[in-house]
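To keep things clear, I will list the structure first and then write my remarks on it.
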Amino acid sequence: MTTPRPAPGTVTLVGGGPGDPDLLTVGGLEALRLAEVVVVDRLAPLASLEVCSPACEIIHVGKVPRGAFTSQEHINEILVTQARAGRRVVRLKGGDNFVFGRGGEEWEACTAAGIEVRVIPGVSSSIAAPGAAGIPLTHRGLVQGFVVVSGHVAPGDERSTVNWAALAASRMTLVILMGVHYLEEICAELIQHGRPASEPAAIIANGTMPNQQTWFTTVGAAAGVVAAHGVTPPATIVIGQVAGLRLADG
C-alpha cells in the first residue's frame, strides 16, 4: 500500500529500526522528509535526520537506562501540543513503535486529544540483531518458533508479567530485550525451571551498528560474559539451540 501524505496537525509514529539507517523503511524516510517537527529517541537512527528539512524542529526525548529521561507523559504532551499547532509531527523511535516502544500509549494520548495518528512500522531489534549476528530465530528441524520478552524487571518482581517457568519448559528460541541488568537472575530462573545450563546463548550488543559485538556462550555462563565484557544496553540476548549454529562470526 502507498502511505498517504500526512496532513497538518497529525502525528506519524515511525519505527526507526534497530539503529542502522539502511534499515529505516522507505515510508519512514519519506515521513521524515515531510516532517515539520520530529520527536526522537536516543536509539532511533539519528543519521536519518539528515533528510529532514532545514526548517524542521528536532526535539530529543531520549531515555537513558537508570539515568536521565523524559517522562512518557511529557512526550505525549509534546506530541499533542505540536500537532494542535497545526504541524506535521513525526515521532521517531528505535525498533518498532509497538514492540516495547510505548507507541500504544502515544496513540491513545493523541486520539484522546482528537489528533489523527498514522503508523509506519519499523524493524524490531528482536529479529534484526540476531539476523545481523547470523542467528536464525527459527530453523527447520531444530525449532519452530520464538518468543520475545522484556527483561527490564527481574523474575519475581511484582511488576513482571513474564511466565519464566513456562518459557523454560518450551522448546522455542527466547529473545530477551532490555535484559542486561537482570540477566543473572533471568538465567537462574530459566535453569531452575528446566532449561539446561549448557544450552547455547548469544549476547548481541549494538546490533546492526558498526560497533556490533556478539558473544556466543551458554545459559549458565551468559551473565558472567556480560560482566566480564562490561556489556551495556542496547543488547539483545538469544537463548536456544539456534544460538549454537554460528552462521556468522558476529
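The values are calculated or read from the model by the stated rules, or taken from the named source; none is laboratory data. The structure presented is a predicted model; accordingly, all values stated were derived computationally and were not measured. Ideal geometry is used to build each Cβ from the backbone, glycine not excepted, and the neighbour counts take in all protein chains shown. Please note that ligands, DNA and RNA were not included when accessible areas were found on the heavy atoms of the full protein model with its side chains. Shrake-Rupley method; radii C 1.70, N 1.55, O 1.52, S 1.80 Å.
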For THR217, work out the one condition from (1) more than 20 Å from the chain's Cα centre (by Cα); (2) farther than 14 Å from GLY244 by Cα it doesn't fulfil.
(2)
Conditions (1) out of contact with any strand residue (DSSP E or B) (no Cβ under 8 Å at 6 or more places or on another chain); (2) small (Gly, Ala, Ser); (3) closer than 19 Å to SER126 by Cβ -> ALA202 fails only (1)
Taking the residues in segment 144-183 that are assigned to a strand (DSSP E or B) and among the hydroxyl-bearing types (Ser, Thr, Tyr) as candidates, determine which candidate is least open to solvent (accessible area, probe 1.4 Å).
THR173
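Kindly indicate whether ALA228 is open to solvent by 30 Å² or more (accessible area, probe 1.4 Å), more than 19 Å from the chain's Cα centre (by Cα) and either basic (Lys, Arg) or more than 25 Å from GLY141 (Cα to Cα) (or both).
Answer is yes for this residue.
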Just need a number here: residues in segment 14-39 that are out of contact with any Ser or Thr (no Cβ under 9 Å at 6 or more places or on another chain) and closer than 16 Å to PRO233 by Cα.
0
Among (1) in contact with a Pro (Cβ under 6 Å, 6 or more places away or on another chain); (2) under 20 Å from LEU137 (Cα atoms); (3) without any contact (Cβ under 8 Å) to a residue 60 or more places away in the chain, where does ALA243 come up short?
(3)
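Looking at ILE186, ILE135, ILE75, which one is open to solvent by less than 20 Å² (accessible area, probe 1.4 Å), of a type in the set (Val, Ile, Thr) and outside any helix (DSSP H, G or I)?
Details: ILE186 fails: outside any helix (DSSP H, G or I); ILE75 fails: outside any helix (DSSP H, G or I).
Being open to solvent by less than 20 Å² (accessible area, probe 1.4 Å), of a type in the set (Val, Ile, Thr) and outside any helix (DSSP H, G or I) holds for just one of ILE186, ILE135, ILE75, which is ILE135.
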Of a type outside the set (Phe, Trp, Tyr) and either within 17 Å of the chain's Cα centre (by Cα) or assigned to a loop (DSSP other than H, G, I, E, B) (or both): does that describe THR208?
yes
Check off (1) closer than 22 Å to VAL148 by Cα; (2) open to solvent by less than 70 Å² (accessible area, probe 1.4 Å) for ARG102 and give me the number that stays unchecked.
(2)
So for segment 109-118 (the condition being assigned to a loop (DSSP other than H, G, I, E, B), hydrophobic (A, V, I, L, M, F, W, C), at pLDDT 95 or above and surrounded by fewer than 21 Cβ atoms within 10 Å (Cβ to Cβ)), does at least one residue qualify?
yes
Out of the residues in segment 52-69 that are open to solvent by less than 70 Å² (accessible area, probe 1.4 Å) and either at pLDDT 90 or above or closer than 13 Å to GLU36 by Cβ (or both), which is nearest to the chain's Cα centre (by Cα)?
VAL61
Output the residues belonging to segment 189-208 that are open to solvent by less than 20 Å² (accessible area, probe 1.4 Å) and of a type in the set (A, V, I, L, M, F, W, C).
LEU190, ALA201, ALA202, ILE203, ILE204, ALA205
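Looking at GLY207, GLY244, GLY220, which is the one that is over 28 Å from GLY101 (Cβ atoms) and in contact with a helix residue (DSSP H, G or I) (Cβ under 9 Å, 6 or more places away or on another chain)? Write out each step before concluding.
On the way: GLY207 fails: over 28 Å from GLY101 (Cβ atoms); GLY244 fails: in contact with a helix residue (DSSP H, G or I) (Cβ under 9 Å, 6 or more places away or on another chain).
Going through GLY207, GLY244, GLY220 in turn, the sole match is GLY220.
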Among (1) within 23 Å of THR236 (Cα to Cα); (2) in a helix (DSSP H, G or I); (3) open to solvent by 60 Å² or more (accessible area, probe 1.4 Å), there is one condition ARG42 misses while meeting the rest; what is its number?
(2)
